[in-house]
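The values are calculated or read from the model by the stated rules, or taken from the named source; none is laboratory data. Not measured: the values here are computed from a predicted model. Neighbour counts run over all protein chains shown; Cβ positions are idealised from the backbone, glycine included. For accessibility, only protein heavy atoms count, side chains too; no ligands or nucleic acids. Shrake-Rupley method; radii C 1.70, N 1.55, O 1.52, S 1.80 Å.
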Amino acid sequence: MFKKIWSLFKTQPELVSPLTDSVAASALPPVTAIPPRLSRSRRKKKKSEADWISAPQEPTTAELLLGLPSEYKVLNDLLVTNPKSRSGYSQIDHVVIGPRAIFVIETRNLTTGEIRGGRREANWSVSSSRVKMYNPLMQHRAHVEAIQAHLGDYKRVRLVSMVTFTNRCRISVDPAVRYVNSDEMIIYDHELVETIQRKTERLETELPETLYQEQDTQAIWNMLNTVNSTDHQIRADHMAKAKGIK
């Protein structure tokens, strides 16, 4: 009798939890809890609206010069022969031919720091760098001379040397080179167009007879455009030699 009762207990099915519809927890091995997986929206930071809108790009110097009146003729990125240069060429960023003068422009893309130096000092300091900067006006004189050498019958025209820096840095140099009465100037790039026009007006009051007509400014433009080297290999060789010199 006892054996029959015991056999009934052996054949009885395993207990099932009424809440989980699974095998009772006591009959299962322990299971390690797994933390819930973060959703994609929580794992990846959402981009704000500002991230999708690109910051406005500052205009280039060539674009700024488009704001000059039509009597000014502009040439950008010239490469002209210069026997005094180690590479045999001089590269000039911009040349503006006006009714009173030719403006030879060098652009510097220094973005931070305070620039200090005197007009006659060979080396200038930049607060954001331990390396001294060679006086950009002295360096730019070679470019001005290279342009003058290619002017033909217009060699007596007034040449004005200009070096521009971005307004993200601070210019603390000799005040004499910050005013339009000088033929060598250090200015911010956003001052360029206004400074050219103010310099022209000043020259008009000083020497009213030195006015170049439309045919004169066009002739100078044609002359400089003709001597400008656009050969890719020559330009590449010049850049390689210039980097080696630096």
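How many residues does the range 76-101 hold that are buried (at least 21 other Cβ atoms within 10 Å of the Cβ) and assigned to a strand (DSSP E or B)? Of the residues in that region, 8 qualify.
One residue alone among Val180, Val157, Val193 is surrounded by 15 or more Cβ atoms within 10 Å (Cβ to Cβ) and touching a strand residue (DSSP E or B) at 6+ places or on another chain (Cβ under 7 Å), and that residue is Val157.
Condition check for Gly118 on (1) under 15 Å from Ile171 (Cα atoms); (2) open to solvent by 30 Å² or more (accessible area, probe 1.4 Å): one failure, at (2). Out of Thr164, Thr112, one residue alone is of a type in the set (Val, Ile, Thr) and open to solvent by 30 Å² or more (accessible area, probe 1.4 Å). It is Thr112.
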